[in-house]
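A.B. asks: First, the structure itself, so that you have it in front of you.
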Amino acid sequence: MLQKIDHIGIAVHELEPALELYQKVYGLEPVKIETLEDIHVRIAFLPLGEVLMELLQPTAPGAGRIGQFLDEKGPGFHHIAYRVENIEQAMAACEAAGVGIRDSEPRPGGDDSRIVFLVPADTHNVLTELVERSREITGD
Ligand code: CO
């Protein structure tokens, strides 16, 4: 069902100071920074080999799920995202296995991907995203 690790999501208060670490110290280059207003996040994608690091900042303090997460737990590891070829098939396989899906249908993720999140209680408390992409992320 899973093709690869697509990205690792890290919640941060502010992208710019986080980029100081990821870009200037680790040497990773952001290929895309975008704002998803409907879910109140600003996202930076930094490729690391086959995997992307996804830095997530709330568009305002406390806004959206990332803002709530920061208020409750502070910055840090947020989720792992697995690439799937067909998200509807992957959702059906999860449902058939009794793994709950937080989203009733795929919704837009970064770079025109389609994503859903699984119910953490069913994934050993690892917040897990499934992502279907029609293309690899490039800096356009
Ligand atoms: Co993600």
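FYI, it's all coordinate maths here, none of it is from the lab. The model shown is predicted, which means the values in this text are computed figures rather than measured ones. Methodologically, a virtual Cβ is constructed for each residue, glycine included, from the backbone with ideal geometry; neighbour enumeration extends over all protein chains shown.
A.B. asks: Starting from the Cα gyration tensor of the stretch 1-101, take the square roots of the eigenvalues, sort them a ≥ b ≥ c, and report rounded, prolate or oblate (rounded when a/c is under 1.5, otherwise prolate if a/b is larger than b/c, else oblate).
C.D. replies: The shape class here is oblate.
A.B. asks: Here's another thing I want to ask about it. So, counting K/R as plus one and D/E as minus one, what does the shell of residues with Cβ under 12 Å around His78 add up to?
C.D. replies: -1
A.B. asks: Here is a follow-up. Between Asp103 and Asn125, what is 0.36 nm times their sequence separation minus the Cα-Cα distance? Round to one decimal in nm.
C.D. replies: 6.3 nm
A.B. asks: Additional query: With runs of 4+ DSSP H residues as the only contributors, calculate the mean residue ellipticity of the chain at 222 nm using -39,500 (n - 2.57) per run, divided by the residue total and rounded to the nearest 500.
C.D. replies: -5000 deg cm²/dmol
A.B. asks: Relative contact order of the chain, please, whole-number percent, based on alpha carbon pairs below 8 angstrom and at least 6 residues apart.
C.D. replies: 25 percent
A.B. asks: Quick check: net charge around Val51, other residues with Cβ under 11 Å of its Cβ, Lys/Arg +1 and Asp/Glu -1?
C.D. replies: Within the 11 Å Cβ shell, the charges total -1.
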